[in-house]
Amino acid sequence: MTEAPAVENPLLEGLGQRRTPEPCVLVVFGASGDLTHRKIIPALYALALRKLLPEKFAIVGAARSEWTDDEFRDQMEHAVREFGRDDFKQDVWDWLAQATRYISLDFADETKENDLAGLLNEIDEERGTRGNRVYYLAVPPQAMPTIVREVGERRKSEGWVRLIVEKPFGHDLASARELTALLSEHFTEEEVFRIDHYLGKETVQNMLALRFANGIFEPIWNRQFVDHIQITVAETLGVEGRAAYYEHSGAIRDIFQNHALQLVALTAMEPPIDFTAESVRNEKVKVLKAIRTPAPEHVVRGQYGPGYIEGKEVPLYREEEGVDPASMTETFVAAKLLVDNWRWADTPIYLRIGKRLARRETTIGIQFKRAPHPPFEDATTEELQPNMLLVHVQPDEGVSLAIGAKVPGQGMRIRTVHMDFLYGGAFRTELPEAYERLLLDAMLGDQTLFTRSDEVEEQWALVDAIVSGWARDRPAFPNYAAGTWGPAGSDELTRRDGRAWLRH
Amino acid sequence: MAATLSTAVHTVEWSGEDVEVGDVVRALCQLREESAHEAEGPNLRTSVMTHLAWVPSEWEEAAVGTLAGLGERHPSRGILLFPEPDGDDGIDAKVSMLAFPLREQRRHIAAEVVELRLRGQTSRAAPSIVNPLLVPGLPVFLRWRGRPPFGDHEGDQLIDVCDRLIYDSNEWPDVPQVYAELPFDRAACSDIAWRRTEPWRGVLARLWPDVGEARSLRVRGPLAETSLLVGWLRSRLEREVELEHDDADELTEIDVDGHACAAPREHPSSSDLLSAELDQFGRDSVYEAAARRAVG
Ligand SMILES: NC(=O)c1ccc[n+]([C@@H]2O[C@H](COP(=O)([O-])OP(=O)(O)OC[C@H]3O[C@@H](n4cnc5c(N)ncnc54)[C@H](OP(=O)(O)O)[C@@H]3O)[C@@H](O)[C@H]2O)c1
């Protein structure tokens, strides 16, 4: 079961290209699905274009749809052309296409699993992939147990196995534990890669670089200098055909439990001793454990009513296709979180997430305390905001800093100026898509940017505690208009503390 | 200020008809990257505000002229909204990246200008179009050309997006009555007509303490400025002041209790006046009181 330590390829030394995975086969379960089309295949193409995939490599798509190899390749070519970030290059595609196979199977049908095992052996023979496997489970949660069991029972003695699992990792703490138990029956924690694609984003990783590679931030990254932190994960989209899933998950399970809490953990964690998967994840878990269960008045939920998004009229949530007309599913959550440790005691982290908000934006704002004694008259600093460091996760990945600067001219007038910095332009390289980074890391066996089971459990413990409080009251939904920043209660959450959300 | 005024030298541009807001956001990102590559420096930018302008067609020419005159004074993103409620539904857009060279310095000040023609229904959904285009974390100033439809859904919504609403009540047909409807509790309000009275207010202030007993004011000038001046005297002095008004295009004469005041020397341009308003942040309580007492 344990993985042989990877031998570093000595020929890569000095080539500036340190990260090429060992030969392997990537098996994508759910190959006819949306995620495979929009993310996985375009990411593989981008990796192939940059020569980051191993020479001895194969992709096997698996789903129920009755396709031939060529039909699957056609579908994937469309996907690359439509969703890829690069120009389509025929030779790159040809290389990827010849490495791609498809197998039609129903996960419930055991005999078909044997066919898959047969195909994989054949590929090992043909392409020299040495029994190394990455299984990508891009399937609905209910299909997961069967695959895990079948794959687990058919492990080969040679080669390594890695299992990439997509969210949701359960529906609550109990089901998350069940899933962990199921996975651990057949796989070690080192073999399981739980994807939270936010962790694959450059800016999110850059939060670590910003904090731990620069001597100037860490000394002030604490309760003494930080007034509060605010994190916004705002979408303009509605449920977009995912109503069946969303009705059960709501915003708290869809975004809060995973992406939002990951951003909290990365922002608030202590410096890890090194950048290995275990060290980084140990520190994240400590933060999650230290989050106090918020009091009911510190959590606000919302559901959108009709409104306008980018100039177009949109219906209320309850009228979206597939949504119960009396649905009580929340499409918005705001919360005030307190992290009970030495670094953050009494420094609130305000978090808001939601659908159909005013703009698509994910930002982490660190609001510093005001200068203790500005030696200027009040009138000269009337428009001066406290320093704010804004990390933009999307759409433009970058960082901006609000500083007070003197207005040129006579007298001393001070005004807030934003200095901002876009990554894309600074480094002259295009930012990789999150899935590219994560797929490559999984093939390399690097778990740093994947979620560990104890992290998932801590996240669910918090969500369960919040949700249990919701059973007691029934808010009057809908309570915010599409295209706004959420219900009035969300503003009240910060206003009560004499603070405010960033307005724009 | 005027010494550093110069015209933009370098522009990159993108335009499109029937576009989505997402296209405009992408164009802004792309133009920024392009201009940064040409500048051969790190992609750093400083900004202090988003400047929105709501410009019904009859105000278009005047608005563009005023903005051009602002030049580099307010490094920011400018968004000009041209509502065309009678057109077919859709948005046409033009995005330009302007760079203003600073004289004798090897530095440029960058400004982005987004021009949006909001046709048909889209003109009634302006906030939802503007929100994705605001520079995050910065104040939003909204210059409304003409008379905002106070109390009407459309006007109200855009006011909620901004931190400061700037208008020129001289452009309104119904002063002074409309001063009673100003949305002071929703946004800080700036009136360019009020700014135009400033040199005259200075003149009157220098008449203190005699002016403290003033009973009547005769003003030759536009009705808006005139009403604000008398409102200002009434509110500051906390007494009734009678008004006699002779209409004229600009403020030219003021008598207090029959005594003529010496005219001030400053004549700021419309760009200077707007620029002064863009320097204001908080609410202007003196103006608010003046507007309230202007009605009578
Ligand atoms: N789409 C996204 O952007 C996104 C983002 C984050 C996480 N996820 C997660 O990723 C997973 C997949 O999402 P998706 O959007 O791609 O779903 P989807 O479009 O519904 O695709 C599901 C895939 O699973 C296959 N499948 C389902 N039941 C099967 C069975 N019994 N036997 C064999 N194949 C079966 C389907 O193939 P056939 O229909 O051909 O049988 C299809 O290829 C989900 O867990 C989702 O929560 C998706």
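Miscellaneous remarks
- Being at pLDDT 90 or above and either within 16 Å of the ligand (Cβ to nearest atom) or surrounded by fewer than 18 Cβ atoms within 10 Å (Cβ to Cβ) (or both) is a property that does not hold for A:Arg133.
- Residue within the stretch B:16-37 that is at pLDDT 80 or above and part of a strand (DSSP E or B) present: yes
- So A:Tyr246, is it under 30 Å from A:Ala500 (Cβ atoms) and within 14 Å of another protein chain (Cβ to nearest Cβ): no
- Evaluating A:Lys167 against the criteria (1) more than 16 Å from the ligand (Cβ to nearest atom); (2) part of a loop (DSSP other than H, G, I, E, B) leaves one unmet condition, (1).
- Complete set of residues in the stretch A:455-503 that are at positive phi and either within 23 Å of the chain's Cα centre (by Cα) or buried (at least 19 other Cβ atoms within 10 Å of the Cβ) (or both): A:Gly483, A:Gly486
- Evaluated against (1) modelled with pLDDT of 90 or more; (2) surrounded by 20 or more Cβ atoms within 10 Å (Cβ to Cβ), B:Ala110 falls short on exactly one condition, (1).
- Tabulated pairs, the stretch A:484-498, first within 21 Å of B:Gln157 (Cβ to Cβ), second at pLDDT below 95 and among the acidic types (Asp, Glu), C-beta under 9 angstrom, 6+ apart or interchain: A:Thr484/B:Asp160
- Summed over the stretch A:136-153, the residues that are exposed (fewer than 15 other Cβ atoms within 10 Å of the Cβ) and more than 16 Å from the ligand (Cβ to nearest atom) give a count of 1.
- Flag for A:Pro408 being more than 8 Å from chain B (Cβ to nearest Cβ) and at pLDDT below 80: yes
- The stretch B:130-158, residues that are surrounded by fewer than 19 Cβ atoms within 10 Å (Cβ to Cβ) and without any contact (Cβ under 8 Å) to a residue 40 or more places away in the chain: B:Arg147, B:Pro149, B:Phe150, B:Gly151, B:Asp152, B:His153, B:Glu154, B:Gly155, B:Asp156
- Any hit, the stretch A:417-434, residues being assigned to a loop (DSSP other than H, G, I, E, B), over 30 Å from A:Glu166 (Cβ atoms) and at pLDDT below 75: yes
- Residue match in the stretch A:246-269 (condition: in a strand (DSSP E or B) and surrounded by fewer than 21 Cβ atoms within 10 Å (Cβ to Cβ)): no
- Residue ranges of strands (runs of 3 or more DSSP E) in the stretch B:180-268 with at least 1 members of a type outside the set (Ser, Thr, Tyr) and under 25 Å from the mean Cα position of the chain (by Cα): B:188-191, B:216-221, B:242-247
- Number of the exception - A:Gly16 against (1) within 16 Å of the ligand (Cβ to nearest atom); (2) modelled with pLDDT under 95: (1)
- Qualifying position, being away from the ligand (no atom under 16 Å from the Cβ), under 22 Å from A:Asp446 (Cβ atoms), part of a helix (DSSP H, G or I) and touching a residue at least 12 places away in the same chain (Cβ under 8 Å), among A:Glu190, A:Glu185: A:Glu190
- As a summary of the residue check, A:Lys355 satisfies the conditions (1) over 24 Å from B:Val130 (Cβ atoms); (2) away from chain B (no Cβ under 13 Å) except for the one numbered (1).
- Any hit, the stretch A:222-244, residues being of a type in the set (Phe, Trp, Tyr), touching a helix residue (DSSP H, G or I) at 6+ places or on another chain (Cβ under 9 Å) and more than 30 Å from A:Ala326 (Cβ to Cβ): yes
- Odd one out for A:Ile195 among (1) surrounded by fewer than 18 Cβ atoms within 10 Å (Cβ to Cβ); (2) among the hydrophobic types (A, V, I, L, M, F, W, C); (3) within 24 Å of A:Thr331 (Cβ to Cβ): (1)
The values are calculated or read from the model by the stated rules, or taken from the named source; none is laboratory data. Keep in mind the model is a prediction, meaning the values are calculated, not measured. Note that we place each Cβ from the backbone using ideal geometry, even for glycine, and neighbour counts take in every protein chain shown.
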